[in-house]
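The next block holds one structure in the form of structure tokens; read it before the comments.
The values are calculated or read from the model by the stated rules, or taken from the named source; none is laboratory data. Just so it is clear, the structure is predicted and the values come from calculations on it, not from any experiment. Virtual Cβ from ideal backbone geometry, glycine too; neighbours counted across all protein chains shown. Ligands, DNA and RNA are stripped out before the accessible areas are found, and what is left, the full protein with its side chains, is counted by its heavy atoms. Shrake-Rupley method; radii C 1.70, N 1.55, O 1.52, S 1.80 Å.
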Amino acid sequence: MTAPIVAVVGGGQLARMMAPAATALGITLRVLVESDSASAAGPAHESVVGLPTDPEAIDRLLAAPRPDVVTWEHEHIPAEVFDACAAAGVPARPGLAALRFAQDKIAMRTRMAELGLPNPAWSEITDEASLASFIAEQGGPVVLKTARGGYDGKGVRIVAEAAEARDWIEAMVNGGPRLLAEAKVPFTRELAVQVARRPSGDAVTWPVVESVQRDGVCSEVTAPAPDLAPERGDLARDVAVRIATELGVTGVLAVELFETEDGLLINELAMRPHNSGHWTIEGSVTSQFEQHLRAVLDLPLGDTSAVAPVTVMANVLGGARGDLGSALPDVDDAGAKVHLYGKGVRPGRKVGHVTVCGDEVAPTYARAVAAAAIVRDGGAA
Ligand code: ADP
């Protein structure tokens with residue numbers, strides 16, 4: 001077998017972190033990046049500059065030597081890209097039949113309900129009256145979401161009165177994204193579970209993790225989720241495998257979950273490596289990035305066991321420090337593994353993360369958070 005070529009659409013940190021895994025396996029990683037300075041442009045073995053909406057850029061991505069497979073590092077992939085892959089005879093993984101459930105929250109909720117999987121109460125919102133009646137039914141504020149295009153809490157807002165959402169409803173009527181409202185779930189915490197599935201059917205899960213979000217953005221992930229009842233962990237993994245299998249997902253799938261007093265509810269799906277899985281680089285025998293490459297190439301999947309009793313990943317969100325490289329001399333915790341994404345720093349933007357493996361949750365968490373704060377701005381409170 002000659003060295004495989006994997007093409008990735010999207011040049012952010014998720015594509016960037018596939019590069020070391022590809023190098024180790026002797027895979028050529030060819031990435032479609034939005035600019036020369038994109039996060040993945042340097043680390044990728046080959047980069048093609050262009051947008052997924054540009055057919056010529058897609059032609060260059062698919063040009064000879066043809067990639068063995070095309071995959072994605074985000075969900076915003078136009079249907080024409082799948083047509084171009086089919087025309088070139090290059091498999092697209094995950095395919096559109098699966099990816100559309102990660103692109104569109106109404107399609108996702110509808111499909112989860114058909115499968116009998118646990119959704120919060122929800123309703124499509126077509127006008128102010130339908131929102132008002134959903135709010136009345138719920139007896140209080142609800143969570144309004146755009147069906148498409150959201151990320152990191154953009155496209156999500158809490159609405160107490162239907163009139164507050166007039167701007168989004170008007171945008172929808174004028175051709176903007178469809179809207180759905182969900183019950184505001186009284187969750188005790190947020191969990192996530194990842195599964196990798198290869199086209200021939202094998203699926204493996206990682207331990208269920210706990211994630212903490214601030215202002216709609218993931219800030220820390222603890223693996224495994226502390227004190228998770230074993231039957232809930234089993235349920236979460238079963239739900240993930242069921243979704244991957246029923247939807248025909250290939251590659252890595254992340255299922256974000258809410259844990260409540262009564263059980264688990266599905267929040268959303270991501271069909272690519274995900275922030276909740278960055279801990280796997282140091283914390284698991286096989287990282288989500290290696291596994292994604294293995295899965296989309298239909299190679300044997302790697303061991304997903306944790307290598308330490310606990311692993312904590314803390315995101316570095318943009319803060320006072322502009323040149324993150326200047327932080328490296330300041331991080332003197334020898335077990336703190338720093339990842340910088342080579343992105344311009346803007347307030348709140350995900351620009352890096354730090355992972356620490358340890359024996360106990362509290363000190364490991366404290367070390368990861370402290371190191372991430374040093375990278376962000378020198379550790380100022
Ligand atoms: P995004 O697509 O931007 O990641 P999510 O749907 O995951 O958006 O929502 C972002 C965050 O908003 C979630 O992580 C959670 O903290 C909160 N949230 C979303 N939906 C609900 C809900 N139905 N009830 C309570 N909180 C929610």
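Here are the numbers for the structure shown:
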{"read-out": "Percent carbon-and-sulfur accessible area, the stretch 17-90, ignoring ligands, DNA and RNA, probe 1.4 Å", "value": "55 percent"}
{"read-out": "Å² of accessible area per residue within the stretch 133-256, as computed with a 1.4 Å probe and no ligands counted", "value": "44 Å²"}
{"read-out": "Sparse-neighbourhood loop sites, GluC sites (Glu not before Pro) in the stretch 85-184 - DSSP loop, at most 13 other Cβ within 10 angstrom", "value": "GLU161"}
{"read-out": "Segment ASP332-ASP234, extension gain: residue separation times 0.36 nm, minus the distance between their alpha carbons", "value": "31.5 nm"}
{"read-out": "Proximal lysine pairs, the chain, alpha carbons under 20 Å, eight or more residues apart or interchain", "value": "9"}
{"read-out": "Within the stretch 220-275, GluC sites (Glu not before Pro) in DSSP loop having at most 13 other beta-carbon neighbours inside 10 Å", "value": "GLU261"}
{"read-out": "Centre separation in Å (Cα based) which lies between the stretch 183-197 and the stretch 304-381", "value": "23 Å"}
{"read-out": "Gyration tensor verdict on the chain (Cα atoms; rounded if a/c is under 1.5, prolate if a/b is larger than b/c, oblate otherwise)", "value": "rounded"}
{"read-out": "Alpha-carbon centroid distance for the pair the stretch 237-276 / the stretch 36-87, whole angstrom", "value": "26 Å"}
{"read-out": "³J(HN,Hα), Karplus 6.51/-1.76/1.60, whole Hz, each residue of the stretch 199-206, x for Gly, Pro", "value": "x, 6, x, 4, 9, 10, 10, 9"}
{"read-out": "Prolate/oblate/rounded call for the stretch 230-286, Cα gyration tensor, a/c under 1.5 rounded", "value": "oblate"}
{"read-out": "Leading residue at positive end of dipole, the stretch 289-346 (Cβ point charges), from ALA336, SER305, LEU293", "value": "LEU293"}
{"read-out": "Percent accessible area from carbon and sulfur atoms, the stretch 141-230, protein chains only, probe 1.4 Å", "value": "50 percent"}
{"read-out": "Cα gyration tensor shape for the stretch 79-236, rounded if a/c is under 1.5, else prolate or oblate", "value": "oblate"}
